[in-house]
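Below is one structure, written out as structure tokens; comments come after it.
The values are calculated or read from the model by the stated rules, or taken from the named source; none is laboratory data. In this text the structure is predicted, and so the values were computed from the model without any measurement. Quick reminder, even Gly has a Cβ in these numbers, built from the backbone with ideal geometry, and neighbours come from all protein chains shown.
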Amino acid sequence: MTDCIFCKIVAGDVPATKLYQDELVTAFRDINPLAPTHILIIPNVHLASANDLAPEHAAAAGRMLTLAPELARQEHIAESGYRLILNTGADGRQEVPHMHLHLLGGRRMQHPLG
Ligand code: DGP
């Protein structure tokens, strides 16, 4: 999508600190980190939110999930733990309309969710 900031990051048209990219997904550091480690993992294809997930996206969705522990190990937070968040829609407080998985760690998260 031409006016999507995350599509532009995937394409390399907007700079980002990319940690991983393959044919399905891209991972980069959040511009406004809420924890010592705050990474966004996104599908390369434009999906506005998790509501757009369909069976043909299973490979990308699976890659997003399996990449998370790899990046957590790379960031040395796998043992201490981390939180994966997939905000969806207005009530989910999703601000950027390109589906993204937050990987947050390096500090103790607040409990409970919400
Ligand atoms: P959400 O509220 O779940 O839609 O979170 C969107 C996140 O995206 C928010 O933590 C800030 C981040 N973000 C927004 N614009 C940019 C950008 O241009 N570059 C990077 N690296 N992160 C961005």
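Results, tabulated for the structure shown:
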{"read-out": "Of the criteria (1) within 24 Å of ASP13 (Cβ to Cβ); (2) within 14 Å of the ligand (Cβ to nearest atom); (3) of a type in the set (Val, Ile, Thr); (4) surrounded by 17 or more Cβ atoms within 10 Å (Cβ to Cβ), which one THR37 fails", "value": "(1)"}
{"read-out": "Failed criterion for TYR82 (all others in (1) in contact (Cβ under 8 Å) with a residue 24 or more places away in the chain; (2) aromatic (Phe, Trp, Tyr); (3) within 27 Å of THR2 (Cβ to Cβ) hold)", "value": "(3)"}
{"read-out": "Segment 102-114: number of residues that are surrounded by 13 or more Cβ atoms within 10 Å (Cβ to Cβ) and either within 9 Å of the ligand (Cβ to nearest atom) or in a loop (DSSP other than H, G, I, E, B) (or both)", "value": "4"}
{"read-out": "First in segment 1-17 and more than 10 Å from the ligand (Cβ to nearest atom), second anywhere and part of a helix (DSSP H, G or I), Cβ under 7 Å, 6 or more apart", "value": "MET1/CYS7"}
{"read-out": "Given (1) modelled with pLDDT under 95; (2) within 11 Å of the ligand (Cβ to nearest atom); (3) hydrophobic (A, V, I, L, M, F, W, C), index of the condition ILE42 fails", "value": "(1)"}
{"read-out": "Tally, over segment 18-32, of residues that are without any contact (Cβ under 8 Å) to a residue 40 or more places away in the chain, within 13 Å of the ligand (Cβ to nearest atom) and assigned to a strand (DSSP E or B)", "value": "4"}
{"read-out": "Filter result for the condition that a residue is under 29 Å from HIS111 (Cα atoms), part of a loop (DSSP other than H, G, I, E, B) and in contact with a His (Cβ under 8 Å, 6 or more places away or on another chain), over ALA35, ALA78, ALA48", "value": "ALA48"}
